[in-house]
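Step one of this worksheet: look at the structure below.
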Amino acid sequence: TQSEGLIGDLTFAVFVDDDGNVWAGNWESGGDFGVSMFDGTNWTSHLNLGFDTITQAPNGDIWVGGFLGVHHYNGTDWVTYTTADGLSTNDIEVIAFDADGNLWAGNGGNIGLDRFDGTTWTTYTTADGLADNNVRAMFLDSDDNMWFGTNAGLSIFDGTTWETLNESDGLINNFVRS
């Protein structure tokens with residue numbers, strides 16, 4: 001709760017990193033917002049960060065996506081990526097890393113899916129083979145394929161080609177979200 005050290009009492013994302021720290025994206029209605037980290041003893045808060053999704057890079061860095069773009073924390077400093085840096089939208093709902101260390105960022109704004117290779121943001125849309133431009137879930141499978149839940153089914157990307165699964169393939173519903 002806020003009285004115990006969180007920024008606010010409304011929590012939208014929770015993530016546990018490899019060191020056992022708990023990260024929570026939260027806000028106080030009408031007030032402060034950001035990400036709080038609990039190390040087992042104390043809360044440390046980082047204000048003014050979007051907070052809908054949190055993940056950890058293979059190198060241990062923390063990445064946060066939300067309504068202000070994508071934020072990267074290297075343990076000392078925060079760097080924020082926005083549309084000015086090549087991101088397709090500043091409203092990110094889900095992020096995940098692929099086997100090559102690329103960060104993927106999805107949104108529900110019917111804009112597409114972004115991939116960040118550490119230098120450049122690349123946007124994928126239905127024109128590239130994505131099932132739908134609203135991406136609401138992501139998963140890296142054991143064969144290093146990326147799976148994306150969309151409003152029109154599942155998209156699977158093997159690094160080269162896209163495949164779509166939808167109701168005609170046996171999904172109960174085309175709207176896939178985690």
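The values are calculated or read from the model by the stated rules, or taken from the named source; none is laboratory data. Just so it is clear, the model here is predicted, and its values are computed rather than measured. For neighbour counting, all protein chains shown are included, and Cβ atoms are generated from backbone atoms with ideal geometry for every residue, glycine included. The accessibility values were calculated without ligands, DNA or RNA, using every heavy atom of the protein model including side chains. Shrake-Rupley method; radii C 1.70, N 1.55, O 1.52, S 1.80 Å.
Counting only heavy atoms of protein chains, what accessible area per residue, in Å², does the chain have with a probe of 1.4 Å?
49 Å²
Suppose R0 equals 25 Å; then what is the FRET efficiency for Asp19 and Asn48 from their Cβ-Cβ distance, rounded to the nearest 0.05?
Step by step, r from the Cβ atoms, then E = 0.55.
Quick one: work out Rg over Rh on the C-alpha atoms of segment 95-178, Rh as Kirkwood radius.
Result for segment 95-178 is an Rg/Rh of 0.94.
What net charge is computed for the residues neighbouring Ala131, neighbours being all others with C-beta under 14 Å from the C-beta of Ala131, Lys and Arg scored +1, Asp and Glu -1?
Residues close to Ala131 contribute a combined charge of -3.
Using a cut-off of 15 Å between beta-carbons, work out the net charge of the residues near Gly109 (Lys and Arg +1, Asp and Glu -1, Gly109 not included).
-3
What part of the accessible area of segment 37-171, given as a whole %, is carbon or sulfur when the probe is 1.4 angstrom?
43 percent
Apply the Kirkwood formula to segment 80-124: the hydrodynamic radius equals the inverse of the mean of 1/r over all pairs of different alpha-carbon atoms; give it in Å with one decimal.
10.4 Å
So, counting K/R as plus one and D/E as minus one, what does the shell of residues with Cβ under 13 Å around Val79 add up to?
-3
Counting pairwise Cα distances across segment 1-50, what percent come out greater than 15 angstrom?
Considering segment 1-50, 34 percent of its Cα-Cα pairs are separated by more than 15 Å.
How big is the Cα convex hull of the chain in projection, averaged over all directions, in nm²?
Approximately 11.0 nm², given one-decimal rounding.
Measuring from centroid to centroid over Cα atoms, what is the spacing of segment 117-157 and segment 46-79 in Å?
Result: 20 Å between the Cα centres.
Among Val16, Val135, Val70, which one shows the highest mean-square fluctuation when the chain is modelled as a Gaussian network with alpha-carbon springs under 10 Å?
Sorting by GNM fluctuation, first place goes to Val16.
Anyone know which of Asp77, Asp141, Asp128 comes out most mobile in the 10 Å Cα GNM of the chain?
Looking only at Asp77, Asp141, Asp128, the largest GNM fluctuation is found for Asp77.
When only Cα pairs under 8 Å and 6 or more residues apart are kept, what is the percent relative contact order across segment 59-178?
15 percent
For the chain, with a Gaussian network of springs between Cα atoms less than 10 Å apart, report the residue from Gly108, Gly69, Gly129 with the top mean-square fluctuation.
Gly129
Would you mind checking segment 44-66 for residues with the amide N under 16 Å from a putative spin-label position 7 Å along Cα→C-beta of Ala99?
Backbone N within reach: 58.
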